[in-house]
Amino acid sequence: MLTAITRAVSPAIVHCELSFIDRKPIDLARARQQHQAYEVLLAKLGARVVSLPPEPHLPDSMFVEDPAIVLDELAVILPLGTESRRREAHLLAQELSKHRKLAYVQLPGTLEGGDVLRIGRKFFVGLTKRSNAEGIRQFAEIIKPHGYEVISVPVTGCLHLKSAVTFLGDNTLLANRAWFDTAPFGGYDWIDVDPSEPHAANALALSGTVVFPASFPKTRGRIGSLDFRVTPLDISELQKAESGLTCSSLLFESFSG
Ligand code: GLY
């Protein structure tokens, strides 16, 4: 069954890493409320949600997408590109070991799940300040024997590759094409974010709908006009920590309890 691992918002989220936006006060109660609404929506869309407890000393630990990539065959545990977040990987590995055999990318390689966009058997991996060429090389070496292809994508202008492009299904990418090298993506159809909403490229396509931040109505209109069903979700408080919609869960098929 579809499983979603999440982790509750840390009380330290006000000290989160920030790369591309200015720090603003974060209302913890409101952030938690929005994260809980996200978990409720995942459950409504058919996922069994495994909600891990908050980590008081790890400000960014709710972003469980970053420390691991889960495939049917194994889970790859990643050394995050920012040192303040490295301890998150060990904690997540404990939970993932209940579901998958584990493999590890090692330093000096760095890699974050936010940079990893999967489309079928292809993994497009962003080369960013968080994910380096050595991390991508090791990741490819681990997963290629299982029949996956890994393609590096230079990214500029945003935190992760999936801040700039996500896959909506039906051969379609939602993107801010100014922020990454589009050359590796030949053959896909594009929906461009509205120019007034440059951060609107991160959407979560799940169970026949596109879960999308309520704060980007113009881009939402563009997606909806092309026959995608869109489910808006208010993550405005979490966006102050540079949250998107993919980064707050790790989604995979669970083959055991
Ligand atoms: N605040 C998310 C990150 O920078 O990792």
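Data overview
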read-out: Choice from 219, 246, 209 showing the highest fluctuation, given a GNM over the chain with Cα pairs closer than 10 Å; value: 209
read-out: Within a Gaussian network of the chain (alpha carbon springs, distance under 10 Å), most fluctuating of 228, 63, 124; value: 228
read-out: Relative packing of peptides 12-20, 127-135 - highest average C-beta neighbours within 10 Å first; value: 127-135, 12-20
read-out: Cα-based Lys proximity count in the stretch 1-157, under 26 Å, for pairs eight or more positions apart or on separate chains; value: 8
read-out: Backbone HN-Hα couplings from phi across the stretch 130-136 [Karplus 6.51/-1.76/1.60, Hz, Gly and Pro as x]; value: 8, 10, 10, 4, 5, x, 5
read-out: Cα gyration tensor, the stretch 1-53 - rounded (a/c under 1.5), prolate or oblate; value: prolate
read-out: Cα gyration tensor shape of the chain, rounded if a/c is under 1.5, else prolate or oblate by comparing a/b with b/c; value: rounded
read-out: Sequence-distant residues sharing a close amide H with residue 61 (under 5 Å, placed H); value: 10
read-out: Residue 170 versus residue 23: modelled label distance in nm, points set 7 Å from Cα along the beta carbon direction; value: 4.3 nm
read-out: Residue 119/residue 57 FRET efficiency (R0 35 Å; Cβ-Cβ; nearest 0.05); value: 0.45
read-out: Share of Cα-Cα pairs in the stretch 80-208 lying beyond 25 Å, as whole percent; value: 27 percent
read-out: Extension gain (nm, one decimal) between residue 182 and residue 82, 0.36 nm per residue minus Cα-Cα; value: 33.4 nm
read-out: At q = 0.22, 0.27, 0.30 Å⁻¹, base-10 log of I(q)/I(0) for the stretch 47-109 (Debye sum, equal scatterers on each alpha carbon); value: -0.93, -1.29, -1.44
read-out: Average Cα contact separation per residue, the chain, under 8 Å, 6 or more apart, as relative contact order %; value: 22 percent
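Bear in mind these aren't lab numbers, they're just calculated from the coordinates by the rules spelled out. What you see is a predicted model; the values in this text were computed from it and never measured. Here Cβ is always computed from backbone atoms with ideal geometry, including for glycine, and neighbour counts include all displayed protein chains.
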